[in-house]
1. Normalised by the number of residues in segment 46-165, what is the relative contact order in percent for Cα pairs under 8 Å and 6+ residues apart?
2. Would you list, by chain and number, the lysines whose Cα falls below 25 Å from the Cα of K106, excluding same-chain residues fewer than 8 positions away?
3. Specify the residue with the greatest mean-square fluctuation among H89, H187, H62, computed from a Gaussian network of the chain linking alpha-carbon atoms under 10 Å apart.
4. Name the residues whose placed amide hydrogens come within less than 5 Å of the amide hydrogen of W164, ignoring near sequence neighbours (fewer than 5 apart) on the same chain.
5. Can you check what the Kirkwood hydrodynamic radius comes to for segment 125-222, Cα pairs only, in Å to one decimal?
6. Can you tell me which aspartates and glutamates have their Cα less than 18 Å from the Cα of K192? Leave out same-chain residues fewer than eight positions away.
7. About the Cα centre of segment 109-217, how large is the charge dipole given +1 on each Lys and Arg Cβ and -1 on each Asp and Glu Cβ? Please answer in debye to the nearest 20.
8. Which value, in Å² and to the nearest 10, is the accessible area of W108 when all protein chains are kept and the probe is 1.4 Å?
Amino acid sequence: MHKIAQAPPEAQNKRLIIAKIVVVALYAVGAIGLSLPEYREYFLMLTPAQLLVTMILLLGFHRGWSEAFPVFAAVAFWLGFGAELIGIHTGYIFGDYVYGAALGPKLWEVPIVIGVNWFILVYLTGSVFYKVTDNDFYAALLGATAMTALDYVMEPVASALDFWYWKFDIIPPGNYLTWFLVAFLIHYIYRKGNFEKSNPLAALVLIAMILFFGILNFTVLD
């Protein structure tokens, strides 16, 4: 496996501390801004940038750049994006829904950052739980469960934040099942990929995301 030359431990620790501060600030300021109705519109415009910055920070601390990693990243992006694409145009996967404008530019009516979001969520949950078991099936099961739980926290605020809208404003129960199945497939591919799975920033980013949407459930919803 190809390894990128490492900086001295002191420099690595300093970079990690700075990155953690950036993550906390990014999600704390975002939660505050979106919680204030008078500033919400401006912060919503920054949502795609927030996801992209999150991805860049994570990739900056990815420890093993084998040939398999960019392949996995592309597969995660396109499987997630493709599932959303089929869902939007047929209603057969997640249910009947449409995307709002807050997630930025769209390709075939699906925001491009949705693929980025699928990659980030699988990477985060996979990195956090990769040592729990050596069994790839159970690891994928655990990761997909964690992602479904996070989706459950995200869904109530999605419409209020102009992310996406469900037909009749009803979240179909089948959405969580199909989300789990797609997440399980990508997680299984993640486990089979021949690349380093640990990332020292992953746990903090995942916690920040959970708290971010948890707070918005109390501050955004009436």
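1. Value for segment 46-165: 27 percent.
2. Within the straight-line cut-off, K106 pairs with K167.
3. Its mean-square fluctuation being the largest, the pick is H89.
4. It is G100, S159, by chain and number.
5. Result for segment 125-222, one decimal place: 14.7 Å.
6. E67, D134, D136
7. Dipole magnitude for segment 109-217 comes out near 280 debye.
8. We get 150 Å² for W108.
The values are calculated or read from the model by the stated rules, or taken from the named source; none is laboratory data. Since the structure is predicted, the reported quantities are computational estimates derived from the model, not experimental observations. Cβ sites come from the backbone with ideal geometry, for glycine too, and all protein chains shown count toward neighbours. For accessibility, only protein heavy atoms count, side chains too; no ligands or nucleic acids. Shrake-Rupley method; radii C 1.70, N 1.55, O 1.52, S 1.80 Å.
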